[in-house]
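Can you read through this structure? Questions will come right after.
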Amino acid sequence: MQDLTIFFAFAAGLISFFSPCIFPLIPVYVSQLTGGEFSEGKINVEKKVILSRSIFFVLGFSFIFILLGASASAMGQFLSNQREVIEKFGGILVIIFGLQMTGLIQLRFLMKEKRWLPQMKQKGGITSLLMGIAFGAGWTPCVGLALSSILLMASSSETVYSGMLYLLIYSLGLAIPFIALSFLLTYTLTTVKKMNRYLPVVSKVGGWILIIMGFLLFTDQMTQITAWLAKYSYTW
């Protein structure tokens, strides 16, 4: 199941980044991280500052997410005798999360926001790291839905290390576009504004990906698909 879950973990990270309640806030986060000001349609800050602060920010939220993955996996190991029940229950929850993201259902308790963007006067690597930790500890509901789905997958993993790996891949899916967009903001904000109009479509696509992932988890098809892919790759 590991190879297929890694794919879904990375996709969930991308879904989180391009969610309607995260993507529009990226310029604000970058401005807070670097202390750069908006002028002439871009953020005026040195690119090396963007790179260093973004890396520390990424390390901060990755640390939190990986810890969550380890905790979920440890709980799954503790309840290993009930793994089949956990997989089915987790699959149902992931499907519900996906339906929520597509807009097919509207559960208000899943729409409660929890944003935390601390104002810090001194800018530096440690500050960026702390902001990353704050982001990881206080994500918005869009991140929560995708992240919770991967945590449910981690809880059904065979080892604690597997769960930590899934959350590491999830963090990469969130981190890579974040760093790339941070550099883009030093050139123009126009691209970000144009992309905002497509975010509802991205949310719906992400929701269907979660529904598929939940169905595979519920029916225990991930193991069989991964085995088939491995056999096909070996033959090729």
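Being modelled with pLDDT under 80 and either among the hydroxyl-bearing types (Ser, Thr, Tyr) or assigned to a helix (DSSP H, G or I) (or both) is the filter here; which residues of the range 131-145 pass it?
Ala134, Phe135, Gly136, Ala137, Thr140, Pro141, Cys142, Val143, Gly144, Leu145
OK, next. Could we say that Thr127 is surrounded by 15 or more Cβ atoms within 10 Å (Cβ to Cβ), within 25 Å of Ile212 (Cα to Cα) and either of a type in the set (S, T, N, Q) or at pLDDT below 80 (or both) here?
The answer is no for Thr127.
Step by step: first the residues of the range 176-188, then only those that are touching a residue at least 40 places away in the same chain (Cβ under 8 Å) and in contact with a Ser or Thr (Cβ under 7 Å, 6 or more places away or on another chain), then the one that is farthest from Ile96 (Cα to Cα). Which residue is that?
Ser182
When you scan the range 8-40, how many residues do you find that are of a type outside the set (A, V, I, L, M, F, W, C) and touching a Phe, Trp or Tyr at 6+ places or on another chain (Cβ under 9 Å)?
Going through the range 8-40 one residue at a time, the tally reaches 5.
Next question. Taking only the range 189-204 into account, find how many residues are touching a residue at least 12 places away in the same chain (Cβ under 8 Å) and assigned to a helix (DSSP H, G or I).
Result for the range 189-204: 9.
Determine the pairs where a residue that is modelled with pLDDT of 85 or more, located within the range 3-28, has a partner that is polar (S, T, N, Q) and part of a helix (DSSP H, G or I) with Cβ atoms under 7 Å apart, the partner being 6 or more residues away or on another chain.
Close Cβ pairs (under 7 Å, with a partner that is polar (S, T, N, Q) and part of a helix (DSSP H, G or I)) amount to Ala12/Ser149; Gly13/Ser171.
Another question, if that's okay. Name the residues in the range 95-115 that are at pLDDT below 65 and open to solvent by less than 40 Å² (accessible area, probe 1.4 Å), would you?
Result: Leu110, single match.
Identify, from the list Ser149, Ser182, Ser157, Ser203, the residue that is open to solvent by less than 10 Å² (accessible area, probe 1.4 Å) and at pLDDT below 80.
Ser157
When only residues in the range 18-38 that are of a type outside the set (Val, Ile, Thr) and over 15 Å from Lys193 (Cα atoms) count, which is most open to solvent (accessible area, probe 1.4 Å)?
Among them, the one singled out is Glu37.
The values are calculated or read from the model by the stated rules, or taken from the named source; none is laboratory data. Quick caveat, the model's predicted, so the values are computed rather than measured. Ideal geometry is used to build each Cβ from the backbone, glycine not excepted, and the neighbour counts take in all protein chains shown. To get the accessible areas, we keep the full protein, side chains included, count just its heavy atoms, and leave off ligands, DNA and RNA. Shrake-Rupley method; radii C 1.70, N 1.55, O 1.52, S 1.80 Å.
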